[in-house]
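The values are calculated or read from the model by the stated rules, or taken from the named source; none is laboratory data. Source: prediction; values computed, not measured. Every residue, glycine as well, gets a Cβ built from its backbone with ideal geometry; the counts of neighbours run over all protein chains shown. Ligands, DNA and RNA are stripped out before the accessible areas are found, and what is left, the full protein with its side chains, is counted by its heavy atoms. Shrake-Rupley method; radii C 1.70, N 1.55, O 1.52, S 1.80 Å.
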Amino acid sequence: MGERDQQPQQIGRGITLGPAHVLAARKVILLAQGIKKAPLIRRTISGIPDPAFPASMLQLHEHAELWLDPEAASGLEQVSA
């Protein structure tokens, strides 16, 4: 079986870092997929950053990116330019 024939593997675990480590990084990319992540993503970017919800601290990072599938992004309002 060639490399192209292999099915993509799901990531079975993630890495947890404290807010200080995240904010000290040059760039942060948060990946999220699935409808179960939608309320958490909404909470991550709405309101003021709250140390009780560490993901919201990404709002303070100058180079943070969220890469979301449509389901994870489904709780966000669409903004038109």
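Filter segment 62-71 for residues that are closer than 10 Å to LEU30 by Cβ and either part of a loop (DSSP other than H, G, I, E, B) or among the hydrophobic types (A, V, I, L, M, F, W, C) (or both) and give the result.
As a first pass, look at segment 62-71 and keep what is closer than 10 Å to LEU30 by Cβ: 64-68.
Result: ALA64, LEU66, TRP67, LEU68.
For every residue, the table says whether it meets (1) open to solvent by 60 Å² or more (accessible area, probe 1.4 Å); (2) under 11 Å from ALA73 (Cα atoms); (3) in contact (Cβ under 8 Å) with a residue 24 or more places away in the chain.
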site: ARG26; (1), (2), (3): yes, no, yes
site: ALA32; (1), (2), (3): no, yes, yes
site: LYS37; (1), (2), (3): yes, yes, yes
site: SER46; (1), (2), (3): no, no, no
site: ASP50; (1), (2), (3): yes, no, no
site: GLN59; (1), (2), (3): yes, no, no
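Considering only segment 42-59, state which residues are in a helix (DSSP H, G or I) and closer than 17 Å to LEU17 by Cα.
Looking only at segment 42-59, we keep the residues that are in a helix (DSSP H, G or I), and these are 42-45, 54-59.
Within segment 42-59, THR44, PRO54, ALA55, SER56, MET57, LEU58, GLN59 meet the criteria.
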